[in-house]
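Asker: There's a structure below that I have some questions on.
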Amino acid sequence: MSKILKWSKKEYKLHTRIITTLSAGPIFLVLIPLVVIWLGPKLDAYFGIPTINVKPYRMIFIILISIPGYCLALWSIITQIKIGRGTPLPMMATQNLLIIGPFKYSRNPMSLGTVLMYLGISLYAGSFSSIEIACFLSFILLLYLKKIEEKELAERFGEEYLEYKKSIPFIIPKIEYSFKKTGSGPG
């Protein structure tokens, strides 16, 4: 039995889940973005890599990429705490398989939101190295999800998770359009 599976057996009270999640917030909302914003330009300067001139568009990147990413990640976290009765952290895993809210569109909406947020921040920094750092961190996160978390979820939730996995995309939601024939107009 994996360590994560052992951790998932214990259910924590709501206030404990909230406090634990909030305590991890500074890492994901402050430390990593600061590394992307600060380290990227330093690496560019050290290696003589030109900056990306995005100054007039910086706020557009934040508004169109980072803010929706942040909101998606937050929606996912709230769903994990309230409905999943767990946290995004493996040591307080959800007690329920989440297939509603943002999880009905993507198996990993929090990760999608996080990747968008960090990519928007890296574009805001105007640094090729910042973009590379964000891509590297995203790759590590996605690798963890594929190699560790998916196996653990299959072990915990069995056939229910395997069916969910078949019908819901890994990270990028499927957008389906439905057009009904109304009898009016051409066609």
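The values are calculated or read from the model by the stated rules, or taken from the named source; none is laboratory data. Fair warning: this is a prediction, and the values are worked out from it, not measured in the lab. So basically every Cβ, Gly included, is an ideal-geometry build from the backbone, and we count neighbours across all protein chains shown. Note: areas computed on protein heavy atoms with side chains; ligands, DNA, RNA excluded. Shrake-Rupley method; radii C 1.70, N 1.55, O 1.52, S 1.80 Å.
Condition check ((1) outside any helix (DSSP H, G or I); (2) surrounded by fewer than 16 Cβ atoms within 10 Å (Cβ to Cβ); (3) within 23 Å of the chain's Cα centre (by Cα)) across all residues:
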site: 27; (1), (2), (3): no, yes, yes
site: 33; (1), (2), (3): no, no, yes
site: 40; (1), (2), (3): no, no, yes
site: 52; (1), (2), (3): yes, no, no
site: 60; (1), (2), (3): no, yes, yes
site: 69; (1), (2), (3): no, no, yes
site: 76; (1), (2), (3): no, no, yes
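Asker: Just to check your reading of the model, which residue among 95, 80 is in contact (Cβ under 8 Å) with a residue 24 or more places away in the chain, in contact with an Asp or Glu (Cβ under 6 Å, 6 or more places away or on another chain), open to solvent by less than 80 Å² (accessible area, probe 1.4 Å) and not acidic (Asp, Glu)? It would help to see each step written out before you state the result.
Answerer: Values: 80 fails: in contact with an Asp or Glu (Cβ under 6 Å, 6 or more places away or on another chain).
95 is the lone residue from the list that is in contact (Cβ under 8 Å) with a residue 24 or more places away in the chain, in contact with an Asp or Glu (Cβ under 6 Å, 6 or more places away or on another chain), open to solvent by less than 80 Å² (accessible area, probe 1.4 Å) and not acidic (Asp, Glu).
Asker: OK, next. Check the range 113-125 and report whether any residue there is surrounded by fewer than 18 Cβ atoms within 10 Å (Cβ to Cβ), at negative phi, part of a helix (DSSP H, G or I) and touching a residue at least 24 places away in the same chain (Cβ under 8 Å).
Answerer: No, every residue in the range 113-125 fails to be surrounded by fewer than 18 Cβ atoms within 10 Å (Cβ to Cβ), at negative phi, part of a helix (DSSP H, G or I) and touching a residue at least 24 places away in the same chain (Cβ under 8 Å).
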